[in-house]
Amino acid sequence: PSDRGGDTEGLQGLGRGGGLNLIGAVVNQVSLFAITAILAIPLGSQDVGRYATCFALLSLLGLLSLVGFRSAMTRFVAIYLADWDAANLRGTVALGLGLSLASSATLGVLLAVFAPRVAEWYADPALIVPLQLTGLALPAATLSDAALAGTQGWRTQRPFTMIGRIIDPLSRLIVTGAALLMGFGIVGAFWALAVTSWISAVLALRALFARLSRLPRAA
């Protein structure tokens, strides 16, 4: 009877996590579509193309910056948590966050420095500032992904979905809309991307460190 109760509780948790993930995926995709729409109406297709190019570059460089630690953070945090090995768990988090921050900061600086050259490749000088702001957003986006991957080691989808799939895209949509209403144009849209990325990074780190604080102190 106790085993059946545990199975039922596990299935209920799986159902709640799946439902929350579905809601998060819908909100994320709708927000991305809405951002594209509100950019296209006042600015036109060229600025939409610039935004799409830089957003794709942010996603690609973010994957490189994680240096494989997205899945490793989740896996090894879960393993050391199950063993109640606070030292190795804290070491895993420190290594994952440290390497991700170092690599993303390096790539972000390189992107900002070489933004004029990249814009020349596209024959589009208007890409320089968007590329530089994409470099500013890169460390935040990478830290957020790494921290949220770590929280999943606690067998919960809530921070990952709430912060990464709901709060981040919705806040980006709101701030982008406000920037466009104030007449800041495409540069304002990229400032919105950078600002909301750092807000999400702070929230993600807070969620991870809140869980780490429940563990015993260990070197």
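Structure notes:
- Loop trypsin sites (Lys or Arg not before Pro), segment 166-215 (other Cβ atoms within 10 Å of the site Cβ: 12 or fewer; DSSP): Arg214
- Choice from Leu89, Leu60, Leu143 with maximal GNM fluctuation in the chain (Cα, 10 Å cutoff): Leu60
- Separation of the Ala126 and Ser59 label points, Cα + 7 Å toward Cβ, nm: 2.3
- Axis angle, to the nearest 10 degrees, between helix 128-151 and the longest C-alpha principal axis of the chain: 10 degrees.
- Listed residues Gly24, Gly62, Gly183, most fluctuating in the chain (Gaussian network, C-alpha, under 10 Å): Gly183
- Ranked from largest to smallest solvent-accessible area, with a 1.4 Å probe on the protein heavy atoms, Ile128, Ile23 come out as Ile23, Ile128.
- Ranking Tyr51, Tyr80 by solvent-accessible area of protein heavy atoms (1.4 Å probe, all protein chains present), from largest to smallest, gives Tyr80, Tyr51.
- Whole-Hz couplings from phi, Karplus 6.51/-1.76/1.60, listed for segment 23-29; x for Gly and Pro: 4, x, 5, 5, 4, 4, 5
- A 1.4 Å probe over all protein chains sorts Asp145, Asp83, Asp168 by accessible area into Asp83, Asp145, Asp168, starting with the largest.
- Dipole magnitude for the chain: about 440 debye, using +1 per Lys or Arg Cβ and -1 per Asp or Glu Cβ, origin at the Cα centre.
- Cα pair distances in segment 25-174, grouped into 5 Å bins until the bin that holds the longest one, percent each: 2, 10, 16, 18, 17, 15, 10, 6, 4, 2, 1, 0
- Using R0 = 45 Å, the C-beta based FRET efficiency linking Ala34 and Ala219 works out to 0.40.
- Take the Cα of Ala102, step 7 Å toward its Cβ, do the same at Leu212, and the gap between the two points is 1.6 nm.
The values are calculated or read from the model by the stated rules, or taken from the named source; none is laboratory data. Keep in mind the model is a prediction, meaning the values are calculated, not measured. A quick note on method: Cβ atoms are made from the backbone with ideal geometry, for glycine too, and the neighbour counts reach across all protein chains shown. Ligands, DNA and RNA are excluded from the accessible area calculation, which covers all protein heavy atoms including side chains. Shrake-Rupley method; radii C 1.70, N 1.55, O 1.52, S 1.80 Å.
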